[in-house]
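Here the structure is laid out as structure tokens; the discussion comes afterwards.
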Amino acid sequence: MSDETPSVGPGEVRKLVADGAQLVDVRTDHEWDAGHIEGASHIELAELSARAAEVDRDRQVIFYCRGDNRSDMAAAAFASEGYEAIALAGGIQAWVDEGLPVEPQGGFVADSGQAASILEARKRADQGQIP
């Protein structure tokens, strides 16, 4: 295995998911709650090893996080165990930057630090961006 984790951009991820690949969000609960990609499963990186059986070995798996770090680690670990695993290049931030949707409606990309995320959610609520 190479030192570089295979990754693909948002457009390719959409095609792969449409063709049956599974999408796994490895971010924390507050990041997931703020906004995530429709159809993704949520397994925090810290829980991924214990919950590996939830990832279908017979389907390609695409991991994503906010940027690249956590998803690269997840993809490398699963690839080393024989999974066809890749990462979403640039993470959910790249997804949103390309104008692709997140859920729930009004969702956003949260900072990985929980305090910063809470402040951002409050700011958006005060501005009427979150119901």
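Bear in mind that the values in this text are calculations on the coordinates, not laboratory data. None of these values were measured; they are calculated from a predicted model.
Some notes on this structure:
- Applying 0.36 nm per residue to the separation of Glu81 and Asp97 and subtracting their alpha-carbon distance, the gain on full extension is 2.6 nm.
- Gain on full stretching of the segment that runs from Lys15 to Arg59 - 0.36 nm per residue minus C-alpha separation: 14.4 nm
- The long axis of helix 69-80 is offset from the longest Cα principal axis of the chain by roughly 20 degrees.
- For the pair Lys123 and Glu38 in one chain, pulling the backbone fully straight at 0.36 nm per residue adds 28.2 nm over the alpha carbon distance.
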